[in-house]
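In what follows, a single structure is set out as structure tokens and then discussed.
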Amino acid sequence: MREPLPRAKISAGAAVAPERLGVGIAFALAGVTAMTVMDAAAKWLGTGYPIVEIVFFRNFFSVPPIALLIWYGGGLASLRTARLPGHALRAGLGLGAMFFFFTGLRYLPLAEAISLAFAAPLFVTALSVPILKERVGPRRWAAVIVGFLGVLIITRPGGAVLRAEALLILAAALSYALFLLVTRRLARSESTSAMIFYTNAIALTVSAGLLPFGWSTPERTDFMIFAAMGLIGGCGSYFLVLAYRNAPAALLAPFDYTALILGTLLGWLIWRELPDAAVWLGAAVLVACGLYILRREAR
């Protein structure tokens, strides 16, 4: 799952030069592509290595791109914070989402896991009422309910498809939604550089501490995949920062869903996986509801 970023840099109604919009879309596509490739690498590694090791290397090899982000984002001065507990909470939720998602990837097709992860915006809308005290109108509540029907279409409760693996991805989506809500709060006073730095530093420290409970020495080829996974994931976060600096969220959000197309392609090329009709139908419902919620929030 990708690193969520504050999307308030450019308001939905702000006038933006067309060339900047094109740059924003290009970086958004690059970021989503990088994150989907990272997920595919995590799925590949998950069959032979402990999840904690995958999480550790995901954060360890993200350090160079994050350092570049900090360098261009104001240097060390941008890391000043008085809200370290908030960053720790954000890191904990991010770690939870990562552990749940990577574990679910071991057993589910890549495209199906990505489809279920699209439930995160529904959780965000539902939880923003008790946590952020935001007002959600009846139209958005209707979209949330219909969206969860899309989840039921994918998981097909009562049949053999609803397995613990699917619940792991939904747990990742819930953790990710809470992660986003904490991000909304922190974004009011914290820089993007600070949020990404502290989240990665805390996640890296915690996962390093857990390595004695789950470690398998990587072979040379697998170590290169570990390194590529972390570097690509870190670059994906950096690309998404650049995307939201050049274009408004309302324009860029639909491109998040290209992950499903790429995930389907990678799943077929690597594991010969193809989603069935129920997954496509449920994913279409989730995408439509997510885009509708975004449209209502933008208005």
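What the table shows:
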| item | result |
| --- | --- |
| Ile145 vs. criteria of a type outside the set (Phe, Trp, Tyr), at pLDDT 90 or above and farther than 30 Å from Val37 by Cβ | yes |
| Any hit, the range 126-135, residues being out of contact with any helix residue (DSSP H, G or I) (no Cβ under 6 Å at 6 or more places or on another chain), open to solvent by 40 Å² or more (accessible area, probe 1.4 Å) and under 15 Å from Ala91 (Cβ atoms) | no |
| Residue match in the range 246-259 (condition: of a type outside the set (Gly, Ala, Ser), surrounded by fewer than 16 Cβ atoms within 10 Å (Cβ to Cβ) and part of a helix (DSSP H, G or I)) | yes |
| Test result for Ile145, free of Cβ contacts under 8 Å to residues at least 12 places away in the same chain and either closer than 23 Å to Ser237 by Cβ or among the β-branched types (Val, Ile, Thr) (or both) | yes |
| Residue match in the range 62-76 (condition: out of contact with any Gly (no Cβ under 7 Å at 6 or more places or on another chain), under 27 Å from Ala278 (Cβ atoms) and either part of a helix (DSSP H, G or I) or at pLDDT 90 or above (or both)) | no |
| Matching residues, the range 177-230, being of a type in the set (Val, Ile, Thr), surrounded by fewer than 21 Cβ atoms within 10 Å (Cβ to Cβ) and part of a helix (DSSP H, G or I) | Ile202, Thr205, Val206, Thr221, Ile225 |
| Where Phe100 falls short, out of the listed (1) open to solvent by less than 50 Å² (accessible area, probe 1.4 Å); (2) under 16 Å from the mean Cα position of the chain (by Cα) | (1) |
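The values are calculated or read from the model by the stated rules, or taken from the named source; none is laboratory data. Just so we're clear, the structure is a prediction, and the values are computed from it rather than from any experiment. No Cβ is skipped: glycine too gets one built from the backbone with ideal geometry, and neighbour counts run over all protein chains shown. Surface accessibility is based on the protein's heavy atoms, side chains included, excluding ligands, DNA and RNA. Shrake-Rupley method; radii C 1.70, N 1.55, O 1.52, S 1.80 Å.
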